[in-house]
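The values are calculated or read from the model by the stated rules, or taken from the named source; none is laboratory data. Because the structure is predicted, anything quoted here is derived from the model rather than measured. Note that we place each Cβ from the backbone using ideal geometry, even for glycine, and neighbour counts take in every protein chain shown.
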Amino acid sequence: MKIVVYHGYYGCDTDCCGHVIKRDDNALQSRFTFSHPYGGDHREFARNLVREQFGDQHVADLDWDNCHIFED
């Protein structure tokens, strides 16, 4: 299973954009949040979003060494 956190871009022109958190094996398990890392640690930002959505047990077993973080 893969958990994906990505910037949704929807509404960026109105400052109403945010991030989507979803499991790649179940599109019904996705969630949109208006939060942004605002110059903070992107990995910690993603970790907190995953924790809020799926719980601590899923944060602990994620392969953070092989995660891909793209900062723009």
#### Entry: Residues (within 18 Å of Tyr9 (Cβ to Cβ) and not in a helix (DSSP H, G or I)) located in segment 35-50
Ser35, His36, Pro37, Tyr38
### Query
Quick one: is Phe32 aromatic (Phe, Trp, Tyr), outside any strand (DSSP E or B) and under 13 Å from the mean Cα position of the chain (by Cα)?
no
## Note on the structure
Selection from segment 28-57 of residues touching a Phe, Trp or Tyr at 6+ places or on another chain (Cβ under 9 Å) and basic (Lys, Arg) yields Arg43, Arg47
### Query
Would segment 34-42 turn up any residue that is touching an Asp or Glu at 6+ places or on another chain (Cβ under 6 Å), in contact (Cβ under 8 Å) with a residue 12 or more places away in the chain and of a type outside the set (A, V, I, L, M)?
yes
### Query
Going by the conditions given, is Arg23 modelled with pLDDT of 80 or more, within 20 Å of Gly55 (Cα to Cα), basic (Lys, Arg) and within 13 Å of the chain's Cα centre (by Cα)?
no
